[in-house]
1. Is the C-alpha gyration tensor of the chain telling us rounded, prolate or oblate? Criteria: a/c under 1.5 is rounded; beyond that, a/b larger than b/c is prolate, otherwise oblate.
2. Please report the spacing between the Cα centers of the range 57-72 and the range 182-210 in Å, no decimals.
3. Is the C-alpha gyration tensor of the range 171-250 telling us rounded, prolate or oblate? Criteria: a/c under 1.5 is rounded; beyond that, a/b larger than b/c is prolate, otherwise oblate.
4. Expected output is a single nm value to one decimal: the length gained when fully extending between residue 223 and residue 121, i.e. 0.36 nm times separation in residues minus the C-alpha distance. What is it?
5. When the chain is fully extended, how far beyond the present Cα-Cα distance does residue 203 get from residue 128, taking 0.36 nm per residue of separation?
6. At 0.36 nm per residue, minus the direct Cα-Cα distance, what do residue 40 and residue 232 gain on full extension? Give it in nm, one decimal, please.
7. If each DSSP helix of 4+ residues adds -39,500 (n - 2.57) and the sum is divided by the residues in the chain, what number results at 222 nm, nearest 500 deg cm²/dmol?
8. Does the range 80-212 come out rounded, prolate or oblate, given a ≥ b ≥ c as the square roots of the eigenvalues of its C-alpha gyration tensor, rounded meaning a/c under 1.5 and, failing that, prolate meaning a/b above b/c?
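Each value in this text was obtained by applying a stated rule to the coordinates, not by laboratory testing. Remember, it's a predicted structure, so these values are computed and weren't measured experimentally.
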Ligand code: ADP
């Protein structure tokens with residue numbers, strides 16, 4: 001009993017440390033602020049481009065005024081891009097590359113699953129880990145944790161949308177040519193074809209209460225470690241995301 005309490009408390013602390021609660025709240029505030037800041041340049045772009053169309057429709061077309069209106073629109077578009085660049089910088093973890101060290105991918109996967117164990121159990125999901133990564137990968141352990149946590153969390157959300165008896169979650173480890181990968185494969189409803197190119201875009205979400213920043217953040221974190229995150233072709237049904245990272249050199253000290 002005591003042990004269970006201790007495990008539960010440690011899990012809660014870990015979740016808090018991962019910033020699942022605080023971070024998402026902070027991001028919500030950030031997103032609201034950004035939306036507000038983006039509203040003005042977008043309104044100006046709309047007004048200027050509409051004016052340019054009207055000016056070009058004049059007989060004869062007022063090309064000089066139309067050009068001025070388009071230039072004003074492009075200045076505003078640059079401003080909107082700057083706002084978004086600022087958002088991206090604020091969610092990145094600068095210096096991730098320096099914090100890289102050999103990490104056992106399987107152990108990282110097990111730790112992430114352990115953290116989500118109560119939610120997995122409540123959803124009746126028994127995750128399977130298959131394959132092996134052979135050597136440790138070179139990763140920032142905290143960034144790796146955040147990526148795995150996000151991918152598993154998304155899979156859980158997806159699985160909750162299918163009947164309990166059809167919920168499968170597989171973590172597949174593979175190694176190939178100096179790189180190792182971990183795929184998170186779920187048997188949820190999958191991602192509709194038109195949405196597939198958009199899932200890594202900031203603010204793309206189909207989930208009530210979702211922010212649409214999870215995958216965008218994970219992709220940035222993966223890239224900062226010389227890795228990549230991809231959405232795989234639909235595995236029949238469900239969704240599969242693969243994280244690939246460089247392996248640690250054979251002579252590196254163990255994790
Ligand atoms: P959020 O979870 O806040 O919506 P994400 O960036 O993590 O933000 O995900 C963006 C969108 O990608 C989700 O709203 C959902 O439409 C889709 N998605 C991500 N993972 C899955 C998955 N495993 N199965 C189905 N759809 C998914």
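1. Here the chain falls in the prolate category.
2. 42 Å
3. Judged from the Cα gyration tensor, the range 171-250 comes out oblate (a/c at least 1.5, b/c at or above a/b).
4. Fully extending the segment from residue 223 to residue 121 adds 33.5 nm.
5. Gain on stretching residue 203 to residue 128: 23.9 nm.
6. Details: separation 192, 0.36 × 192 = 69.12 nm, distance 3.74 nm.
Value of the extension gain: 65.4 nm.
7. -17500 deg cm²/dmol
8. Oblate shape, in that a/c is at least 1.5 and b/c is the bigger or equal ratio.
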